[in-house]
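What follows is one structure encoded as structure tokens, with my remarks underneath.
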Amino acid sequence: MKKTSQICQSKLPDNTALKQQQLPAYRLQLSATGVLSGFFATGAFCLGVGIILILSAKSIKEIEIKYTKICANCAELREDAINFDKECTCSIPFYLSETMQGNVYLYYKLYGFYQNLYRYILSRSNSQLVGTDLKDVGNCAPFSKSHNGTPIAPCGAIANSIFNDTIILSYNLNSSIHMEVPMLRSGITWWTDKYVKFRNPSAINLSSAFTGTAKPPYWSKPVYELDLEDTENNGFLNDDFIVWMRTAAFPTFKKLYRRLNRVQYFIEGLPAGNYSFNITYNFPVTRFKGEKSVVLSTLTWSGGSSLFLGLAYTVTGAVTWLAAFSMMAIHLMLKEKRTLFIER
Amino acid sequence: MVLSLTWEIKPCSGLQCAGEEKRVGTRTVFVGNHPVSETEAYIAQRFCDNRIVSSKYTLWNFLPKNLFEQFRRIANFYFLIIFLVQVTVDTPTSPVTSGLPLFFVITVTAIKQGYEDWLRHRADNEVNKSTVYIIENAKRVRKESEKIKVGDVVEVQADETFPCDLILLSSCTSDGTCYVTTASLDGESNCKTHYAVRDTIALCTAESIDTLRAAIECEQPQPDLYKFVGRINIYSNSLEAVARSLGPENLLLKGATLKNTKKIYGVAVYTGMETKMALNYQGKSQKRSAVEKSINAFLIVYLFILLAKAAVCTTLKYVWQSTPYNDEPWYNQKTQKERETLKVLKMFTDFLSFMVLFNFIIPVSMYVTVEMQKFLGSFFISWDKDFYDEEINEGALVNTSDLNEELGQVDYIFTDKTGTLTENSMEFIECCIDGHKYKGVAPETDGLSQTDGPLTYFDKADKNREELFLRALCLCHTVEVKTSDAVDGPPESAELTYMSSSPDEIALVKGAKKYGFTFVGIRNGHMRVENQRKEIEVYELLHTLNFDSVRRRMSVIVKTQAGDILLFCKGADSAVFPRVQNHEIELTKAHVERNAMDGYRTLCVAFKEIAPDDYERINRQLIEAKMALQDREEKMEKVFDDIETNMNLIGATAVEDKLQDQAAETIEALHAAGLKVWVLTGDKMETAKSTCYACRLFQTSTELLELTTKTIEESERKEDRLHELLIEYRKKLLHDFPKSTRSLKKAWTEHQEYGLIIDGSTLSLILNSSQDSSSNNYKSIFLQICMKCTAVLCCRMAPLQKAQIVRMVKNLKGSPITLSIGDGANDVSMILESHVGIGIKGKEGRQAARNSDYAVPKFKHLKKLLLAHGHLYYVRIAHLVQYFFYKNLCFILPQFLYQFFCGFSQQPLYDAAYLTMYNICFTSLPILAYSLLEQHINIDTLASDPRLYMVSVEFQ
């Protein structure tokens, strides 16, 4: 008898919450008031965040000067590749009406330059850039080897097309005193780029490290002479080079060029007054119908001057409220009908 | 169909060399592999060995075969193509991104299938390596089961399973019978008796059996467990062959177990993959769920989206590149190779690259996730303790997990009556002898004192007739007696347990027992009946004309002690009345009809005396028919038909079949859920109708439309009358439902309800009426009527007709989902035909449960199975599939839009690792958990409010 009862029990399915599908669950009980208040609350939150973001973005001081047209003669000169060794400079005076408080950053901005082309992005050699194998020019075609067959360092289309204008900002304290605004060229890269992804080949000095390689065809100087003032800022570890090598996602982009060294007059930021940009115009953009500009900008907690995030929040909030209002209207209408129906 | 074809081909190689005498339809087996005579050259035939191979793969062919099968799936093949494109063509994403998910999916599936196959291998080995004893050269030789050859004589001990299909030669009992249980084959746990041929009964030792020279001719293997046709030719010393017929009662099936018998000797006729058990494990057709079909439709749509996106991007790319500074800006010069390639070729590879870039729109892991969801989800059915039935100590059984969600979309339910709506536990209620009604069971104590009659009402009919009637009940059956303690106690005290495949017969024998006639058992072919005076009457059982669903009757031919030969026949009224010669059948007929109206199952009993000369002839015919190898069934039927004529009607019986627990509530709930319930039964119209009323399929307000032989018979031209009726009914229905086809369910609640009753013969008239244009018309009118009726009752249905109806409804416009539920072997055809087949683990064996997709113990469990489980499964799988397509569309859309910002250069927006993992882990596991556990409505609420079911059906 005992045996049979045991068998009986074994065939009866276990009475556990999982097996009987009775796991504790919270089932939302949606009521009109609950849903509507939820919608209104979400809308209010989004609108609030959006407005705050927009205001903070608006508080940023930013100056952008497109200089392709201003330096038309230089642009025309660069139209033809033969004139690559002719120097062309261009001065752009401008007036800063308000002081730019705090840290000020100097960017260059390119229009219509597709750094995101598939072939272009591939055209680099990471093993070369970390300094392990200078001869490895894997994906760099057509900028992998020079005419006589020596490997190019740094190879590839990205490195070859580096932005090579020099931009110097000078401050006109008065009509006679022109002073160069002190700028820092360090600290403009991502930490991982500077310390992980880019390494110079090890050797006594840089020039010997790069022997047996050629400079990229569009470059005027070899990679170990990029910065003549600071020997540390040379080779693959050059900050401008690293910034350029991190490709932009969209054809219109700006890249950090310099940041303000806050000393002397500029301890508070950039004071209002007359300034001028002295630009050595090397980078051709008219050939692909593009444009260049320089940007001076401050930053806040929410980032740069882009309004996108703020607008996205605001629009979402507005749409949520719109939906909430229309739902409320429908709800009220139906409620009225129902009461009428019941009264009848 | 497929099976029979393969069998034509396979054994041919063995047969063709066996001589021209052998036809393809039969095989000859020499017992013990001894040639039957020296003159005839013995040519060994090649049959397959006794190895059972249920596994699909071997160690060597696993990889290629499994890969081949997996890549037959569209999605897998598609990803393989993409992968190959990525390897060969320079594409934006690395081959890993599509190769790894594909590898993952293929590996998971291969591991699952490999594991399942390993289990099958292990089970096969267990069977194949088990030890058996074979008689070889008069010695008992121990062998592995797989070494058995056709023709070997095998010894099987008690409680062992038969290693192959055997013909019983002797059982070491005097009467040559053995008891067998086929629990593992069809789930029927009762003992069945199998017989040895008379001439070989005596061969009980290894030596004597070795002297037997015999050849067995039998049909080629076929999967029907209950059919076997063969003949044994025994060559005794006289060299004159003695031929005996062999039937299923001589055949011991592989997988069955020997019971209550010490040991038997049998000769192997079918071995290995040719045994009936092995043949039955194949052949089950795969049902595909509607969701899977819609997944494929989705896939095709998505494939078009993908192609469109790739085409748009390619075109725009070349438009964009038509300006030179976009085609080749100074900072991104082309390589030499790029300049040299042909533009057309470049366009083509660009197109392929875009396809590769967007290929993640097709969810690669969806099949795996869906399969896992179905497999794991189906456990909830077998785990549900509400489906547990104490009586049979079992819960629900899931045979296929592929159809879970179909349970939530059912439109039509086809149910059997007996055993499904009713309990199938019969009770003898009343009888009628010569038109006189006998009701009220006499108390058993009265049995002794009333020598003149067992019943108080017994003064109406002639006493002889009464006794004849009761004897007929005692003799005309195939019931077996199992005595609990037969040997020790005196025969009276031993408790008799009756066992039979049909509960009706048990009820009848028990009924006769109450009236004083007790069936004691069969001994040596003699039936023993204890009469009212406690005397044992012995009848020699000459022939049993078995019951079948076409004849709808059975008969026995017995010889009394006095030497009279009597035929007793019992069967359905329609099967018996035309074959009796009485003039007074009217009274009995009225009685039978009244009983049927009360919902009882009625049987008529008739008898006939057979003159000795006639018997000689009958006997010869019967034996001839039984011997026939070809068309045995038809020949038997013809002989039976000839014998069962000109009988005398004695009376009729009424047996009650109780409604199943909560059958009515379940039907009501299913109705409320908007399901159309059709009852398909082989029973009489009146009985079925009353059952339908009892289980509330028909309400009192329901107007019944009848299309039966009764309504049609009155006119001369049946078809004209049928046509008239059909038109009339349609007019009536269309009048009631003016243009309300779209909101039928609503209409039902407001309008008059209609029910339709149709019987088998009328149905065949509708479906098979002469092949002119009108027949098609009949069918469509009939279907129109059916669709407008809330409930349909089809009675007097043959099993195949049930399947015919299901197929008809299945092919209706909008292809509604059908569900069949039944418990008996006669429901198997409709269970297999419908979208979802549900078996009841009933008393008529386990055939239905075995062939079903889901098996439950009781009809009432259907309610929760559909309303709660089905609904949830449907919602879950719908969310799962839709989510899969949604997430991939969302995933790939930014990628597509990004092409507008990167000069259509195929720059991927996502990192390769993200592309790879997105489908296989990041997004497939959370939704799997959701799709297993989601209950958007509480189970109790779903089960208690059937209207919720309509929602899920309407959204399909």
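The values are calculated or read from the model by the stated rules, or taken from the named source; none is laboratory data. Worth saying up front: this structure is predicted, and the values here are computed from it rather than measured. All Cβ positions, glycine included, derive from the backbone under ideal geometry; neighbour counts span all protein chains shown. Note: areas computed on protein heavy atoms with side chains; ligands, DNA, RNA excluded. Shrake-Rupley method; radii C 1.70, N 1.55, O 1.52, S 1.80 Å.
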Problem set entry | Average beta carbon contacts from partner chains per residue of A:18-25, 10 Å cutoff | 5
Seminar exercise, completed: For the residue B:947, residue B:84 Cβ pair and Förster radius 51 Å, calculated FRET efficiency rounded to 0.05 is 0.45
Seminar exercise, completed: On the accessible surface of the range A:62-305, probed at 1.4 Å with all protein chains in place, carbon and sulfur together account for a percent value of 52
Seminar exercise, completed: Descending packing, highest mean Cβ count within 10 Å first, for B:367-374, B:56-63, B:858-865 is B:858-865, B:367-374, B:56-63
Seminar exercise, completed: Output row A,B: buried area (accessible, probe 1.4 Å, summed both chains) in Å², nearest hundred, equals 3500
Problem set entry | Pairs of Cα atoms farther than 21 Å apart, the range A:133-204, % | 54
For this session: Give the accessible surface of the range B:567-616 per residue, rounded to a whole number of Å², with probe radius 1.4 Å and ligands, DNA and RNA excluded.
Result: 46
Seminar exercise, completed: Percent of all Cα-Cα pairs per 10 Å bin for the range A:203-344, counting from 0 up to the last occupied bin, reads 8, 20, 23, 17, 10, 7, 7, 5, 3, 1
Problem set entry | Distance from the range A:143-191 to the range B:278-350 (C-alpha centre basis), Å | 42
Problem set entry | Karplus 3J(HN,Hα) series, Hz, for the range B:386-395 with 6.51 cos²θ - 1.76 cosθ + 1.60 (x for Gly, Pro) | 5, 8, 7, 10, 5, 4, 9, 6, 8, x
Exercise. Distance in nm between label sites at residue A:280 and residue B:96, each 7 Å beyond Cα in the beta-carbon direction?
Worked result: 4.2
Problem set entry | Cα→Cβ-extended label distance, 7 Å offset, between residue B:290 and residue B:564, nm | 6.3
Seminar exercise, completed: Checking rank on A:224-234, A:107-117, B:866-876, with mean other Cβ inside 10 Å and highest first, the result is B:866-876, A:107-117, A:224-234
For this session: Within the range B:250-333, report the trypsin sites (Lys or Arg not before Pro) that DSSP leaves as loop and that have at most 13 other Cβ atoms within 10 Å.
Result: B:262, B:284, B:288
Exercise. For residue B:424, which sequence-distant residues (separation of 5 or more, or a different chain) have an amide H within less than 5 Å of its own amide H, given hydrogens modelled in the peptide plane?
Worked result: B:419, B:658
Exercise. Just which residues of the range B:311-341 lose 20 Å² or more accessible area with every protein chain there, against their chain alone, with the probe set to 1.4 Å?
Worked result: B:320, B:325, B:330, B:331, B:332, B:333, B:335, B:338
Exercise. Which ³J(HN,Hα) values in Hz, rounded to whole numbers, follow from the phi angles of the range A:138-149 under the Karplus curve 6.51 cos²θ - 1.76 cosθ + 1.60, where θ = phi - 60° and Gly and Pro get x?
Worked result: x, 9, 6, 3, x, 10, 9, 10, 7, 4, 8, x
Exercise. Ratio of Rg to Rh for the range B:876-938, alpha carbon only, Kirkwood?
Worked result: 1.13
Seminar exercise, completed: Dividing the surface of the Cα convex hull of chain A by four yields a projected area in nm² of 36.7
For this session: Pull out a ≥ b ≥ c, the square roots of the eigenvalues of the alpha-carbon gyration tensor of the range A:264-305, then state rounded if a/c is under 1.5, prolate if not and a/b is larger than b/c, and oblate in the remaining case.
Result: oblate
Exercise. If the protein assembly as shown were replaced by its equivalent ellipsoid, with semi-axes equal to the square roots of 5 times the Cα gyration tensor eigenvalues, what would those be, largest first, whole Å?
Worked result: 88, 40, 26
For this session: Kindly identify residues of the range B:889-919 having a loss of at least 40 Å² in accessible area between the isolated chain and the assembly of all protein chains, probe radius 1.4 Å.
Result: B:898, B:901, B:905, B:907
Problem set entry | Global form of the range B:628-676, assessed from the alpha-carbon gyration tensor, a/c cut-off 1.5 | oblate
Exercise. Using the Cα gyration tensor of the range A:15-94, with a ≥ b ≥ c the square roots of its eigenvalues, what is the shape: rounded (a/c below 1.5), prolate (a/b larger than b/c) or oblate (neither)?
Worked result: prolate
For this session: Please determine, in degrees from 0 to 90 and to the nearest 10, the orientation of helix A:308-343 with respect to the longest principal axis defined by the Cα atoms of chain A, where the helix direction is its Cα long axis.
Result: 20
Seminar exercise, completed: Amide H contacts under 5 Å for residue B:246, restricted to residues at least 5 apart in sequence or on another chain and with H modeled in the peptide plane, are B:230, B:231, B:232
Exercise. Under a 1.4 Å probe, what is the accessible area of the range A:62-305 per residue, stated in Å²?
Worked result: 47
Exercise. Helix-derived [θ] at 222 nm for the protein assembly as shown: sum -39500 (n - 2.57) over DSSP H runs of at least 4, divide by residue count, nearest 500?
Worked result: -11500 deg cm²/dmol
Exercise. What list of ³J(HN,Hα) couplings, whole Hz, do you get for the range B:887-901 from phi and the Karplus terms 6.51, -1.76, 1.60, once you set θ to phi - 60° and write x for glycine and proline?
Worked result: 5, 6, 5, 4, 5, 8, 4, x, 4, 5, 5, 5, 4, 6, 9
For this session: Would you mind counting up the charge near residue A:296? Only other residues with Cβ under 9 Å from its Cβ, with Lys and Arg at +1 and Asp and Glu at -1.
Result: -1
Exercise. To the nearest whole number, what is the average tally of beta carbon atoms from other chains within 10 Å of the beta carbons of peptide B:374-383?
Worked result: 2
Exercise. Quick one: helix A:2-11 against the long Cα principal axis of chain A, what's the angle to the nearest 10°, folded into 0 to 90?
Worked result: 50
Problem set entry | Neighbouring partner chain Cβ atoms per residue of A:281-291, average, 10 Å criterion | 2
